[in-house]
Each structure stands twice: as C-alpha cells, then as structure tokens.
Amino acid sequence: MRYCEHRAALWSLIRHRNRRAVRLSLYQAQHGIRVFLYLHANFESAATLYILLTLLIVELAMLKNHLVIALRVFWNRKGYVALNTLGLALGMAASILILQYVDKQQSYDAFHADGDRIYRVQFNSYRDGALQFESATAFPKVGPAMLEEFPEVEAYVRLFLHYGGRVVQHEDRSYKEEYLFQADANFFSFFSYPLLLGDPATALAQPNTAVISEAIAQKYFGPANPLGERITIAGNLEYEITGVAQSPEESHLKFNFLLSYETLVQEWGDGFDNAWGWYDFYNYIRLTPGAQPEAVEAKFPAFITKHGGENATQGTEFVLQALPDIYLTSDLIQEARINGNGTAVSFLALIALFIMGIAWINYINLSTARAAERAREIGVRKVMGAGKGQLIRQFLMESVVMNALAMLLALLLVWAALPVFSNLVGADASYGFLLDGRFWLLLGALFVVGSALAGLYPAFVLSGYQPVQVLKGSFSRSAQGLLLRKGLVVGQFAISFALIAGTLIVFQQLQFMQQQDLGIQVEQTLVVEGPGAVDSTFVEQNTAFEEVLLQQAGIQRVAGSSEIPGNLIYWTNGARSLTSEASSILYQVGVDYDYLESYGHQVLAGRTYSPDFQADDESIILNDTARRLLGFESAESTVGQQIFVGGDTLAVAGVVADYHQEGLQKGYDPIGFRLSPNAGRYYSIKVASADLPGVIRYIGEQYQTFFPGNPYIYYFLDTHFNAQYQQDEQFGRVFTFFALLAIFVACLGLFGLSSFTAVQRTKEIGIRKVLGSSVGGIVMLLARDFLVLVLVGSLIATPILWVAMQGWLDGFAFRIDLGIWVFVAAGVLTLLLAMLTVAYQSVRASTANPIESLRYE
C-alpha cells in the first residue's frame, strides 16, 4: 500500500473514532515520524511505517476507551452487574465441575498403550432362544484357542477373580482383602500397568508368585522392600512377592493382588485349562493392527461349534467388548468391580450444557432488558458521530469484561466447591486438573464462546436503534426480537420443567426399590463373615461356635451359608429335568438346616431341610423361577422330581417363592438351595436386643476364640443390601443438585425478561392505575404472559421427557409406572417458581406512583 493510500485509510479511521483518543494518538505519532524520518533516508517507507503505527495506536486507544466506558457503565449499574456476573459464574463453575468429572469418567483405561486394540470376551447364555444372562467372564479355553485359530488375535491374557476376597496373612497380621486375581504370566506385557519393582517378564511366570499393588505394599511392609517376602492366602497357600505395581483407580480392572495363573494349573491340574462351560475366567484378547472386531465376531459361531458341539451355538454367544468402553457401558454379571454409569455421566454432561446455555441466555435477556435505559445514551452517541460498528465493539467489550469477571468468580467457586462436589459424586477429586492444559482450553473456550454468543445479539439490537426516534422519546421495538426473547424463556423453562419432573421420577424409583418387599426378612440380621483361614478342625469349631452364640439371650437364630442376600451368586451349574429337555443355568447356595426359616422364605410346596431326613444330602430346594425354567408346571408337581445339576442327580425336596437375591435393578434368578451344614462362609445372626453393642462384642469374643488369627468382619444385612442402590442414590443427589442450580439460573433469566417487560409497560401501568386498576389486577396482567411461556415450555418438554425417562426406567427389572401426576406436579412447581420470580418486578411496577409512570417517557 502506498503512502497516500495509508493516509486516506488513516483519515477515514479518524472520522469514525473518538476525537480525543485520536488527538492523543496523532500527537504520539507526530513524535514518532520525526524519529523515523531521521533514521530512514527513504521518506516513503518511513511514512508508511508511521501510518501503520498510528493505525495501531488509534485501535489500542479505542479499545482502552471502550474498556473505560464499560467499567463506568458497570460502576453505575452495580445491581445489574452483580446479577449477570453471578449467573455466568454459576454456569461456568457448574459446567467446569461437571465436565472435569465427566472427562475423568471417560478416561478410564486410557493409560493402556494398545487400549484401542484390546477387547474383553463377553459370554451370553441362551435357552430356547431367550437370553438367560450376560457375563463378563467366559471359559478358560477361549483365549488360547482364539490365539491359535484366529490370525487377527495377537495375544491374550486370562484372569480368575477370587470372589468375596480372601484372608491374607503376613507374620502375625492378617486382613480380609478384596480384588485378588490369578493372572497369566504375560499380564504386564499385555496391559500397561506400571511395575515399580520386579521384572515384568518373570514376575508371574512361576507358581506361587505374587505381584501386589503399591497400596498393599505400604500396608503390609511400610517403606521396606517387599520383594522376596512371603504371604499366606486363605490359610494354606503361600506366595512369594515378586513385584510391586501401580493399580490406577481409573481402570475397570483394579487389583490388590495378582497371583500367578500357574498356581491354579499346579493346584487343579491341566484339565481345567481346557474346560468349556466353566465361565469364571476373564478373557482379554489384543487384535493385530488394522484387524476389525466385526471380522473376529463373524467367526465365533463356527468357533463355538468346533469346541462346544453341534448344538452349542444355540445356547452360547461371544461378544467383543472394547476396553475403553467397559467401565461406563458394561453392567454384566461377574464384573471385576462395580463399573460407572454411562447414562448418569451423559445426563450430567447434558445438564452442564443446559446450565451454561441458560447462563448465556440470561445475559442476553438482562442486557436487552436494559435497552430502554440505554436507548437515550445510544441516540446521543450516534448523533455525536458514533457508527454502528463502534457501538457493536463497545457492547462486545462489555460482554468480554463481564465474562472475564464471571470467569474469575467461577474459578474461585470451583476452588471452594471441589471438596463438596467430590463428596457429592463419591469420587476423590483433586486440584490437579488445574494443571491440565485441557482444563484451560475448556475455560478459554467457555470465555470466547460466551463473550461472542452472549454479546453479539445485544450488541446488534442496541446498536440498531434510530437516534431521531430515541431522542424524540420513542424507539423501535422489534417484534422479532421480542419473539426471540420469549422463545429463549420457553426453552429455559422447558428444561426447568424436565429437570423437576426428572428429579421426582428418579427419587420415586429409588424409594420404590428401597421399600419393595424383598420376599425375605433381612431386618435385624447381623452378618459375620466366616474365617478365611481354616484347618482340619473347622467342622467341629463351626458347630461349637453356632451353639455358643445361641446361648446368648439377644441372639434368636444362627444360620450358615455360602452366600447372603445382596451378593451375586458365583456357584452356578447347568441344570435340566430328567423328564423334559428344558434346561437352565442354576445359581446355587449352600445352606444349613436353619437358613431358610431364618430368612422367612415362603414355602410354596414340599419342605425345607431337616436333620430328620437322611436323603437331604442328595436333595435340592428350588425357587419358583428355577421351577418354571426347568419346565415344571406347578410347585406341587415339582416336589419329588429329579434333576441333573452339573454332574449330580438331585431330588427336589421343596419349592420356595421368588425373592430378591440382588437389588431391584435385576430380575429374579433361578436359584437352588443345597444342604451344606458346615457352610460357614457367612453367618446370618438374628438379633433382638436393646444392647446391640454388647451382643456384637460377645460375638466378636467368641469368634476370636474359635477362629484365632482371622479378622472379625461384621455388618447389618439391610445396610449391606441397600448398598447396591448407592450408585443410583448418588446419581439422584447429583442430578437434583445441578437441576436445582439450573432452575435457579433459569429464574434469573425470567427475572431479566420481567424487568424488561415492566420497564416497557411503565406508561401503560400508570394509565391503568389512573383508570382504577388494582394492584392485583396489574400483577396478574404482567405475570400472565410469563406463565403462558412457562406453560408452553412444560407442554413442549413433556413428550421428550416421557421418552427419556421411560428409557432410563427400562434399565430396572422392577420399576415404577410413569403416572401423569408426576408431570402435573412438575408443571405446578415450575409455574410456582415462575410466579415467585416475576412477582417482585410485577408488584414493584404495580405499586409505583402513577404520576411518575406517566412522566416516564
């Protein structure tokens, strides 16, 4: 660009800028040109540089001028600034907290180097074409056979979980530990768990070797090196510690102990390794680069037929689960740990977007609500030479400053609320995310998008007023703009209605699950976990222990069993009737003579176990679901029938009514009770005493007498059973908290629109008062429009919410039916909130002096 062109551009800029700022810029530039002319012999280049610097100085001066005006406006409108900043800050803070939690939930298993190529083999069982169950575990033969037969499979690893934990002893200390896995020797080359001590290639290569987590090493050995130390598990198996590994929380496969798989081979023999039908083993495979999981799954039917027989494909199905998807999407039987809730995480992410969107809408509504106040200011500035572009930049500057203030306040809120939020979601959150570059990118995106989206519409609306009409006392009010603002409020309160109704439905379902009759009596039942380290005298000790407990006045019954209500039953076998082809997977519980009576099981036909019947050792008692799946027409006709269970032939001694072994998220399982008089894995103790601490202390003393060296672990069964609902209750609390926050922020938007309307109708209100209108009539006049908007929003949200909540409820085997009263109640609450929100502005406008109102314009 030539010098004359630069000069023309400069004077064009000057004509559209603040004169004082330009004079200052020109003074600085005049000094600069002398320097440039002195330093440069080429006048043309020096003058061009001078013009460019002048343009830059003018722009900076105008930015400074816009900033000063914005701060001055904010100082004179402190209430408006406080309200707007609070709304934006709450939206940003809530979104930041939720989105960093969502990001953490979605990052599970992301640390594995080849995680995108790792899949877990899911086993599904069918009977007569109907799905019986879906299991996270499969047969031990699956992994090795796939490696041998599928060229797409690069490697495999298997794990066997010791369900329920085991007692671990070291020297004179013993603890009940969870998450003990037998793992193949290539575990650390397959996954990317960091091994802090030991050789990853040999740590699990030999029988009776173990790798422990960093937390377990600290618990048992403190700062000492644990390599070479020996621990005893379950009282009889000794392992040498050959490694210490990190077991990150952000993994669906969290371990405390990794025990060598070769120990199982040595203990059980080579035969079990080729078992087809024993589905207690986690099988993971890693595909070769470029291999597609769909291509592998297409080969499964032939694979199943080859290893399971001609009819195996009718009852067996394998599915590949991608490793990164397991934590949030998988809820199968025999999961390695309680996984996250992908639906809840998606709901929270949606709420975060809702809250942020509502906060930005509030800024628009509150800005346009002040249009009448700033109309005269805009008219004067236009008459003085301000162009539309300059006014747009001014209002965008106000949006930038407002969002900057809100961002700073949001950071303070996040810092203060993080411990409370961690407790709310049940996760240990730290301030470490503040050092994550992605967090600052998110914050920057919220700032930029918020400043632009929330500032552009008010900027264009306010800058579009005609100065002549404004200075005459009236200005154009765009019907299109009014419809847009009303549409935004309809959207806000459609969301508010949905959140209120959703909260009511969530808590109604939770209450239903907790109050539903379980079919058994779990109240006043103290569960004591049986000894994990036993010897040959256990049978005599077990009998004597139960007899001693019954001598205590506060103890009514003592029953031993292999499982208790609230636990997944791991003892399963295929079962079928001798008189029909009907077959089923049967979940089995070992019980003593008093178990069924102790829990109050309802006997539909036959009898329970009794020492008077010698044949009970070869008998079984079924629940009604097992009776039906095995093809028997009635409970009465089932008694005396014989069934095959695994390799045993058992006579049905009785049939009991269905009950909830697990929470109401799951349906009734087919369960068989088998007599095991010394099933001392759990003791169910019915207590009835005002001195519960004394009874618990007495039981503990006797337990240590009969089972020395075993930790005394006890809990009340109703608390243990209700722990299954902990994740759902947590979701309900989080959903409610942020729903209330979103509703509060939405009410700020309605407050803004009511303020806007009240200001616009000031003169009309004065005339109505002069003509005799009452305060109540004027309040209803002003509130009516808003209530219509809220009602429209509720009607729009109802069908969408109905579909969404039906989908959520379908995840429960036992659920409530959606009733119309929930939506009516949510609509009433939404209308009440809206009425309370607009009441302040309506009452204030209706009680104003009509003389002042008539003078308003």
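For the range 489-516, the set of residues classified as open to solvent by 40 Å² or more (accessible area, probe 1.4 Å) and either of a type in the set (S, T, Y) or in a helix (DSSP H, G or I) (or both) consists of L504, F507, Q508, Q511, F512, Q514, Q515, listed by residue number. Once the range 606-651 is narrowed to residues that are farther than 22 Å from Y595 by Cα and open to solvent by less than 30 Å² (accessible area, probe 1.4 Å), the residue that is nearest to the chain's Cα centre (by Cα) is L630.
A single member of V102, V73, V142, V121 is modelled with pLDDT of 85 or more and within 30 Å of C747 (Cα to Cα), and it is V102. The combined condition, being in contact (Cβ under 8 Å) with a residue 24 or more places away in the chain, out of contact with any helix residue (DSSP H, G or I) (no Cβ under 8 Å at 6 or more places or on another chain) and open to solvent by 20 Å² or more (accessible area, probe 1.4 Å), is fulfilled by A295.
Here is a yes/no grid of residues against (1) touching a helix residue (DSSP H, G or I) at 6+ places or on another chain (Cβ under 8 Å); (2) among the acidic types (D, E):
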residue: E214; (1), (2): no, yes
residue: Y220; (1), (2): no, no
residue: A224; (1), (2): no, no
residue: S247; (1), (2): yes, no
residue: K254; (1), (2): no, no
residue: L258; (1), (2): yes, no
residue: L264; (1), (2): yes, no
residue: N274; (1), (2): no, no
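Just so you know, in the range 98-145 the residues that are over 18 Å from V296 (Cα atoms), part of a strand (DSSP E or B) and of a type in the set (F, W, Y) include one that is least open to solvent (accessible area, probe 1.4 Å), and it is F133.
Do we find a residue being over 28 Å from F139 (Cβ atoms), surrounded by fewer than 17 Cβ atoms within 10 Å (Cβ to Cβ), in contact (Cβ under 8 Å) with a residue 12 or more places away in the chain and not charged (D, E, K, R) anywhere in the range 233-247? Looking through the range 233-247, at least one residue is over 28 Å from F139 (Cβ atoms), surrounded by fewer than 17 Cβ atoms within 10 Å (Cβ to Cβ), in contact (Cβ under 8 Å) with a residue 12 or more places away in the chain and not charged (D, E, K, R).
Okay, residues lined up against (1) crowded, with 17+ Cβ neighbours inside 10 Å; (2) under 30 Å from L740 (Cα atoms):
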site: K299; (1), (2): no, no
site: T305; (1), (2): no, no
site: G309; (1), (2): no, no
site: S346; (1), (2): no, yes
site: I361; (1), (2): yes, yes
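Among strands (runs of 3 or more DSSP E) entirely within the range 559-613, having at least 2 residues that are farther than 30 Å from A312 by Cβ, of a type outside the set (F, W, Y) and touching a His at 6+ places or on another chain (Cβ under 6 Å) singles out no element at all. Answer yes or no: is there a residue in the range 680-690 that is open to solvent by less than 20 Å² (accessible area, probe 1.4 Å), part of a helix (DSSP H, G or I) and of a type in the set (A, V, I, L, M). No; the residues of the range 680-690 include none that is open to solvent by less than 20 Å² (accessible area, probe 1.4 Å), part of a helix (DSSP H, G or I) and of a type in the set (A, V, I, L, M).
Do we have any residue at all in the range 712-727 that's open to solvent by 40 Å² or more (accessible area, probe 1.4 Å), touching a helix residue (DSSP H, G or I) at 6+ places or on another chain (Cβ under 7 Å), over 15 Å from E529 (Cα atoms) and not in a strand (DSSP E or B)? Yes, there is a match, as at least one residue in the range 712-727 is open to solvent by 40 Å² or more (accessible area, probe 1.4 Å), touching a helix residue (DSSP H, G or I) at 6+ places or on another chain (Cβ under 7 Å), over 15 Å from E529 (Cα atoms) and not in a strand (DSSP E or B). Looking at the range 401-415, I want the residues that are free of Cβ contacts under 8 Å to residues at least 24 places away in the same chain and have a partner that is surrounded by fewer than 20 Cβ atoms within 10 Å (Cβ to Cβ) with Cβ atoms under 6 Å, at least 6 apart or on another chain. Which pairs are those? Once the first residue is free of Cβ contacts under 8 Å to residues at least 24 places away in the same chain and sits in the range 401-415, no partner that is surrounded by fewer than 20 Cβ atoms within 10 Å (Cβ to Cβ) comes close enough.
A82 - would you say it is part of a loop (DSSP other than H, G, I, E, B) and either under 20 Å from the mean Cα position of the chain (by Cα) or surrounded by fewer than 22 Cβ atoms within 10 Å (Cβ to Cβ) (or both)?
Details: part of a loop (DSSP other than H, G, I, E, B): no; either under 20 Å from the mean Cα position of the chain (by Cα) or surrounded by fewer than 22 Cβ atoms within 10 Å (Cβ to Cβ) (or both): yes.
For A82, the condition - part of a loop (DSSP other than H, G, I, E, B) and either under 20 Å from the mean Cα position of the chain (by Cα) or surrounded by fewer than 22 Cβ atoms within 10 Å (Cβ to Cβ) (or both) - is not met.
Of the helices (runs of 4 or more DSSP H) lying entirely inside the range 750-857, those containing at least 3 residues that are under 23 Å from I361 (Cβ atoms) and at pLDDT 85 or above span 775-809, 820-846.
Name every residue in the range 171-204 that is farther than 26 Å from Q334 by Cα and either open to solvent by 10 Å² or more (accessible area, probe 1.4 Å) or of a type in the set (D, E, K, R) (or both), in order of residue number. Across the range 171-204, the qualifying residues are E171, D172, R173, S174, L195, L196, L197, G198, D199, P200, A201, T202.
Please verify whether the range 183-200 includes one or more residues that are part of a loop (DSSP other than H, G, I, E, B), in contact with a Ser or Thr (Cβ under 9 Å, 6 or more places away or on another chain), more than 29 Å from Q105 (Cβ to Cβ) and of a type in the set (D, E, K, R). There is at least one residue in the range 183-200 that is part of a loop (DSSP other than H, G, I, E, B), in contact with a Ser or Thr (Cβ under 9 Å, 6 or more places away or on another chain), more than 29 Å from Q105 (Cβ to Cβ) and of a type in the set (D, E, K, R).
A count restricted to the range 170-182 and to residues that are modelled with pLDDT of 90 or more and not in a strand (DSSP E or B) stands at 2. Against the conditions (1) open to solvent by less than 40 Å² (accessible area, probe 1.4 Å); (2) under 40 Å from the mean Cα position of the chain (by Cα), F707 satisfies every one except (2).
When T525, T537 are checked against the criterion of being open to solvent by 30 Å² or more (accessible area, probe 1.4 Å) and hydroxyl-bearing (S, T, Y), T537 stands alone in meeting it. The single condition from (1) open to solvent by less than 10 Å² (accessible area, probe 1.4 Å); (2) in contact with a helix residue (DSSP H, G or I) (Cβ under 7 Å, 6 or more places away or on another chain); (3) modelled with pLDDT of 90 or more that V591 fails is (2). Among the residues making up the range 151-169, a single one is in a loop (DSSP other than H, G, I, E, B) and in contact with a helix residue (DSSP H, G or I) (Cβ under 6 Å, 6 or more places away or on another chain): E152. Take the residues of the range 435-445 that are at pLDDT below 75 and over 22 Å from the mean Cα position of the chain (by Cα): which is surrounded by the most Cβ atoms within 10 Å (Cβ to Cβ)? Filtering first and then ranking leaves L435.
For the criterion of being in contact with a Ser or Thr (Cβ under 7 Å, 6 or more places away or on another chain) and either exposed (fewer than 14 other Cβ atoms within 10 Å of the Cβ) or not aromatic (F, W, Y) (or both), S260 passes. Elements of the type strands (runs of 3 or more DSSP E) sitting completely within the range 202-305 and holding at least 2 residues that are of a type in the set (S, T, N, Q): these cover 209-213. Could you please find all residues in the range 326-344 being more than 17 Å from G811 (Cβ to Cβ) and surrounded by fewer than 16 Cβ atoms within 10 Å (Cβ to Cβ)? R337, the sole residue that qualifies.
The values are calculated or read from the model by the stated rules, or taken from the named source; none is laboratory data. What you see is a predicted model, and the numbers here were worked out from it, not measured in a lab. Cβ sites come from the backbone with ideal geometry, for glycine too, and all protein chains shown count toward neighbours. Note: accessible area is taken over every heavy atom of the protein model, side chains too, but ligands, DNA and RNA are not part of it. Shrake-Rupley method; radii C 1.70, N 1.55, O 1.52, S 1.80 Å.
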